[in-house]
Amino acid sequence: MTLVWAGPADLDLYVTGPSWETVYFGNTPSKSGGTLEHDARCAVIPSDANTPQVEAVSFVEPDAGHYRVGVDYLEACREAAGEPVGYRVITEFAGARNEYVGLAHHHQFVPIVLEFDLRAGAPNSPLTLVVTQQPEVTQ
């Protein structure tokens with residue numbers, strides 16, 4: 001899962017897996033094998049507001065089951081007044097890609113931006129990605 005945005009803001013990616021453990025900046029690596037690969041914080045975000053920022057969570061061997069992806073607009077960086085920031089959440093698994101576009105509001109944590117399942121078909125078959133919920137963007 002990848003969170004991408006451009007703007008002077010500290011957005012955070014949260015991924016909760018089938019064991020109800022959440023991978024985020026305060027829990028990485030997780031017991032379930034999830035790792036936050038990059039945490040973009042205000043101190044490292046360039047002053048150029050158009051430079052894309054990325055946070056990504058990956059799992060070495062993800063478990064089958066239900067996943068939730070959340071986004072938190074933790075902090076406005078530098079002189080930014082906390083205006084809403086557009087973002088994309090991208091899920092990729094076994095060749096399947098899904099992209100959700102949203103709008104983050106300052107000091108607003110949205111625990112469920114996207115929900116999906118990793119499902120097994122026949123025994124010993126590979127898991128497949130199935131998006132189960134994609135909420136509408138709130139303005």
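Quick one: would you say Gly102 is of a type in the set (Gly, Ala, Ser), under 15 Å from Val131 (Cβ atoms) and surrounded by 14 or more Cβ atoms within 10 Å (Cβ to Cβ)? Judged against the criteria, Gly102 is a match.
Only one of the numbered conditions (1) modelled with pLDDT of 90 or more; (2) out of contact with any Phe, Trp or Tyr (no Cβ under 9 Å at 6 or more places or on another chain); (3) crowded, with 19+ Cβ neighbours inside 10 Å is violated by Pro8, and that is (1). Elements of the type strands (runs of 3 or more DSSP E) sitting completely within the range 6-104 and holding at least 2 residues that are farther than 30 Å from Arg119 by Cβ and touching a residue at least 40 places away in the same chain (Cβ under 8 Å): these cover 9-16, 52-59, 65-76, 85-93.
Scanning the range 64-90 for residues that are of a type in the set (D, E, K, R) and at pLDDT 90 or above returns Arg68, Asp72, Arg88.
The values are calculated or read from the model by the stated rules, or taken from the named source; none is laboratory data. Since this is a predicted model, take the numbers as computed values, not measurements. Backbone-built Cβ (ideal geometry, glycine too); neighbour counts: all protein chains shown.
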